[in-house]
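Step one of this worksheet: look at the structure below.
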Amino acid sequence: MPKESRFLRSKKLRAALWYAADGKCQWCGCDLPSDWHADHTERWAETKRTNVHEMEALCPKCHYKKTGEENRNMTSAIQLELFEQPPKEPLNLRKHQAEFLQICKLIKAGTAVKKIILLVTPGGGKSLIPVIAAAQLLPNRAAGGGFHETIADAICWVVPRLNLQKQAEDNFENSYFKDQLGHQHRIMANNNEPNPCKGMSGYVATYQAIGANPDLHAQELRRKRYILVLDEFHHVEEDGAWHRALQPLVDSAVLVILVTGTHQRGDGKPIAFMPYKEITGGVTPNLSSNQETKVIEYTRSQALREGAIVPLHFEWGDGEAKWIDQKGQECSVESLAEAGDYTGIALRTALSTGYAHQLLTRCVENWKSHKIINQRSKLLVIAPKIKQANQYMEWLKELGIKAIKATSDQSKDAQAAIKKFKKHYPIGDQKAVDVLVTVAMAYEGLDVPAITHIACLTQFRTVPWLEQAWARAARVDDQPGALKNKGHIYIPDDELARKCVGKIIAEQEPIIKEKEEKIREERSGSKGDNELLGDQLRDNSIIPLYSNLTRSRASDLSNGETIDYAETARIQSARQNAGLCGSSTIQLKRFIEGYLNGQTQDQSVAVKEPFTPSEERDVMRDNIEKYVRRYAAKNGIDFKTLNGEIVKFFDKSRTAMTLEELRQVWAWLQSNYPMND
């Protein structure tokens, strides 16, 4: 006999239950919202019956409260699913997202969780976490009007970069997750303007903005019940200026959500708000959960198993280098891979001379070949300094590559460049730019799933930094026409880089073992540790003279396959003779049929993206200002006079107005100061 469903699915029976309750919650007496719950008066888990005569109509808040009382001693939020309506269709969440959703349900049921820490491998999908929190824990306007009381009134999302503000707004605008999570929330990018929410469900600010005006944000978080999300919070050094600015916000928030891709800083200093425990020789993050703090981890191997990221393929290049040291003596190494104590100096020399040009050229050739098959493919070039970034731009131009750059000394230009790089244009569109040159941390928050290749021409060698950089190519591209199944990293073959890659290999080892029976070639035996690597000398202490790319090899982390220098040389020779320059070394060895069988033409049409709240605000302000100035010039009056009339009538400046108030200003201008032309 089939098991009876625990849900009351029949529209006719649900209507009967609604009328029997007179449209009121049978616990608190409020009007039932559109998402009201049909609840069993006796647990379905005990009776296994779903009978309309044994059910009651409850609002979601009362249902969760009832569930919390019934499950006071239960620890698994999964049991809450016995008492709620099924979703429209299964919501495909990743492991850490699903765990976070269950914790939110426990909070709604009355569990006293005050802090949630999420350690999510770069590229694994952290940006949906604040959206889930808002959908579950903020008031959502029901179809009949009005709000239902929840644990918070608004959300404040703090990010380390300006480009992440735009990304945060976009995440809340995503129509699929609005439908699946059942929310209508929007958030506003804000950098120290008054009334930061502007009528939205919350706002997103940068750490720099909060550090510049901490009192404004502290007052705002005392004014409402806020959920505070600190994104990539490893940027906040313990006892540093940002820590001091953020502490009042943390103290005021009803729930603090800490999200990061790493639990260590590049400088080795403690991270603010991270719990630590003492161990022999120091301290380490305390990643155990308790009643008030929940910890969720999502490792690289878990992300690979779930298909949340793609594996990485490394193309290594060894080389020689020559320089004049600070004493005026000429020094040289014949191999970066064997440079020992000279690795840092030799690497900096190589990245500003011929070696970098050769490795970049190889990466470009492979990318161009790859792009014939995957037309969405994009290339990211990471330079060590602005000077080298400008040099790389010239080299790319010589190679016939149209590129743009985003460097740390030109924030507005950098944001515009990143926005253009993200956009996917139709085939043949002359406005398309598929190559971006960045400097230092300019890549962070660069969520462009179409990136398939990275020329990692930088001397930074800390594990957190490189993991974040390489994660730009690990993102899954699920758009039509995408044929991405791995990320390609071109990098110098120095000892420091191998140690960093060793960490990734160790994390991927369980995945590799699952495929060992299918692998014929010997897997790489390189090991690595997580230690922060040696001190770098000042750039002006040496004079780079010369460097040359002498040999290369490849390693594919999707299956552990490695090709040594000798075999790589033979394959490259055969490749040139066959006219197949540009293909990956391992691709040529195994000739991946999947690429060719799935070859398609991307016929996508450029679609105008909807405005985010901050973009809509800026457009409204700009149009109002243009209208005021145009009207004033046409009628021979000072535009400041008309602006004063606006402030007088609406009793506030436009910087403090919500979107709705700005729309009212526009309508007021059209009515009181019309222009016929």
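The values are calculated or read from the model by the stated rules, or taken from the named source; none is laboratory data. Not measured: the values here are computed from a predicted model. Using ideal geometry, Cβ is built from the backbone for each residue, glycine included, and neighbour counts are taken over all protein chains shown. Keep in mind that these areas ignore ligands, DNA and RNA; they rest on the heavy atoms of the full protein, side chains included. Shrake-Rupley method; radii C 1.70, N 1.55, O 1.52, S 1.80 Å.
Of note:
- For segment 416-477, diffusion coefficient by Stokes-Einstein and Kirkwood Rh (Cα), 10 °C, 1.306 mPa s, µm²/s: 125 µm²/s
- Per-residue accessible area (protein heavy atoms, 1.4 Å probe) orders Cys28, Cys456 as Cys28, Cys456, starting from the largest.
- Bridging of Lys387 to lysines at a Cα separation below 21 Å is possible for Lys322, Lys397, Lys402, Lys405, Lys412, once same-chain residues fewer than 8 apart are set aside.
- Inter-label distance, nm, simple model (7 Å from Cα along the C-beta direction), Phe639/Ile324: 5.6 nm
- Largest-first ordering by accessible area, 1.4 Å probe, given options Phe639, Phe649: Phe649, Phe639
- Distance between segment 185-234 and segment 376-394 - C-alpha centres, whole angstrom: 33 Å
- Using only side-chain charges placed at the Cβ, +1 for Lys and Arg and -1 for Asp and Glu, the dipole size of segment 627-667 relative to its Cα centre rounds to 200 debye.
- Summed residue charge, Cβ within 11 Å of Ser289's Cβ, Lys/Arg positive, Asp/Glu negative: -1
- Heavy atoms of Asp22 accessible to a 1.4 Å probe, total area in Å² rounded to 10: 110 Å²
- Among the trypsin sites (Lys or Arg not before Pro) found in segment 273-342, those both in a DSSP coil and sparsely packed, with 16 or fewer other Cβ atoms within 10 Å of their Cβ, are Lys327.
- Using a probe of 1.4 Å on the protein chains alone, the accessible area found for Asp35 is around 80 Å².
- As a ratio to 2.2 N^0.38 Å, the alpha-carbon radius of gyration computed for segment 160-233 takes the value 1.12.
- Distance between modelled label sites at Arg244 and Arg305, nm, 7 Å Cα→Cβ extension: 4.5 nm
- Most to least accessible of Met274, Met200 (protein chains only, probe 1.4 Å): Met200, Met274
- Arg223 paired with Thr280, simple spin-label distance in nm, labels 7 Å along Cα-to-beta-carbon: 5.4 nm
- Heavy atoms of Ser289: accessible area, 1.4 Å probe, square angstrom to 10: 70 Å²
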